[in-house]
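The values are calculated or read from the model by the stated rules, or taken from the named source; none is laboratory data. Everything quoted here is computed from the prediction, not taken from an experiment. Here the Cβ positions follow ideal geometry from the backbone for every residue, glycine too, while neighbour counts run over all protein chains shown. Note: accessible area is taken over every heavy atom of the protein model, side chains too, but ligands, DNA and RNA are not part of it. Shrake-Rupley method; radii C 1.70, N 1.55, O 1.52, S 1.80 Å.
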Amino acid sequence: MAQIQFNNVVKRYGSGPKANQVIHGVSAQVDDGEFVVIVGPSGCGKSTLLRMVAGLEEITEGEISIGERVVNDLEPSERDIAMVFQNYALYPHMSVFDNMAYGLKIKKVPEGDIRARVDKAAAILELGGLLQRKPRELSGGQRQRVAMGRAIVRQPQVFLFDEPLSNLDAKLRAQTRLEIEKLHRELGITSLFVTHDQVEAMTLAERMIVMNAGRMEQFGTPDEVYHRP
Ligand code: ADP
Ligand code: ADP
């Protein structure tokens, strides 16, 4: 079970009279296996919300839980999440295999396990024939898939996507979007996806959280959000 719960979550940057409150009491429940998009204009707090789930920002007030666990006090590495960022920095001197395996090696996952996890991710992402290549020998789309592979091999309960499509040209964006949809169909991992692009949100979301100025204005299916009187 990996639902994500936001319970009256508040975020302030800084403290005292100069504190800047950027999240104003967000409560929501993302269901197990659901793909939820957080959408809203630049500066509305989307990324802050995601980073609090990841443990990259402290939660000022309220609680976030993943599955049964309140994560407020957990380190990023103790949370059952994997994050896919806008810039997919791969290690240039390492093979595709080693790029995907790196985090697992550090965590001392047994060698055979690593092999199996990387092979499985490579099969899903159609990278099977490319495992010995270096990043510079790959197309942009293939590099993107390696970056997703790094997230998949962690076998997380939750995927967090931070505007992963926004720096891509139109063709690669469409291709990567399909890839993310396929991934969700095959693995069914609870996902939070941040974007400022409404079309992207509508296309990908099972439900969407519409943010404005640090507040959750709507939470529903694309149909509910866009056809509300
Ligand atoms: P979005 O992802 O929707 O563009 P952010 O979550 O990045 O919005 O930012 C929300 C607000 O918080 C903005 O006003 C931004 O300037 C502010 N903010 C973000 N990060 C910091 C920080 N580290 N320190 C102070 N203010 C920040
Ligand atoms: P380590 O095991 O030393 O933490 P990793 O490379 O696995 O080394 O990760 C470094 C830090 O970044 C850890 O806190 C880890 O949980 C986090 N991390 C690495 N990759 C991801 C990812 N794709 N999503 C979320 N967190 C990650």
Starting from the 7 Å offset along Cα-to-Cβ, what nm value, one decimal, do you get for the label separation of GLU126 and GLN29? 3.9
Could you check what % of the DSSP bridge pairs in the chain are antiparallel, to the nearest 5? 55
Between GLU75 and ARG133, what length in nm is gained on full extension when 0.36 nm per residue of separation is reduced by their alpha carbon distance? 17.6 nm
Arrange the peptides 136-146, 104-114, 31-41 so that the one whose residues have, on average, the most other Cβ atoms within 10 Å appears first. 31-41, 136-146, 104-114
Enter the angle in degrees (range 0 to 90, nearest 10) between the Cα long axis of helix 140-152 and the first principal axis of the Cα atoms of the chain, meaning the one along which they spread out most. 70
HN-Hα couplings for region 156-172 via Karplus (6.51, -1.76, 1.60; θ = phi - 60°), in whole Hz with x for Gly/Pro, come out as x, 7, 9, 9, 10, 10, 9, 6, x, 9, 6, 9, 9, 6, 4, 5, 5
If each DSSP helix of 4+ residues adds -39,500 (n - 2.57) and the sum is divided by the residues in the chain, what number results at 222 nm, nearest 500 deg cm²/dmol? -10000 deg cm²/dmol
DSSP-defined beta bridges in region 63-194 - what % are antiparallel, rounded to 5: 20
Quick one: compute the contact order of the chain, relative version, from alpha carbon pairs under 8 angstrom and 6+ residues apart, as a percent. 29
Overall dimensions of region 1-47 as given by Cα atoms, namely Rg and Dmax in Å: 13.2, 41
Under the Karplus curve 6.51 cos²θ - 1.76 cosθ + 1.60, θ = phi - 60°, whole-Hz ³J(HN,Hα) for region 202-212, x wherever Gly or Pro sits: 4, 6, 8, 6, 7, 10, 10, 9, 9, 9, 8
What nm value, rounded to one decimal, do you get for the distance between ASP169 and THR221 when each label is placed 7 Å out toward the C-beta? 3.7
Given H placed 1.01 Å from N in the peptide plane, which residues other than close sequence neighbours of PHE161 have an amide H under 5 Å from its amide H? VAL84, LEU192, PHE193, VAL194
Less than 16 Å apart at the alpha-carbon level, and either on another chain or at least 8 residues along: which lysines does that give for LYS134? none
Each residue of region 99-105 in order: what ³J(HN,Hα) in whole Hz does its phi give by Karplus 6.51 cos²θ - 1.76 cosθ + 1.60, θ = phi - 60°, with x for Gly and Pro? 4, 6, 7, 3, x, 6, 4
Given a 1.4 angstrom probe, what's the average accessible area per residue across region 21-171, in square angstrom? 47
For region 79-229, what percent of Cα pairs sit more than 21 Å apart? 47
Per the 1.4 Å probe, what fraction of the accessible area of the chain, in percent, lies on carbon and sulfur atoms? 47
Given the peptides 63-75, 198-210, 152-164, arrange them by the average over their residues of other C-beta atoms within 10 Å, most packed first. 152-164, 198-210, 63-75
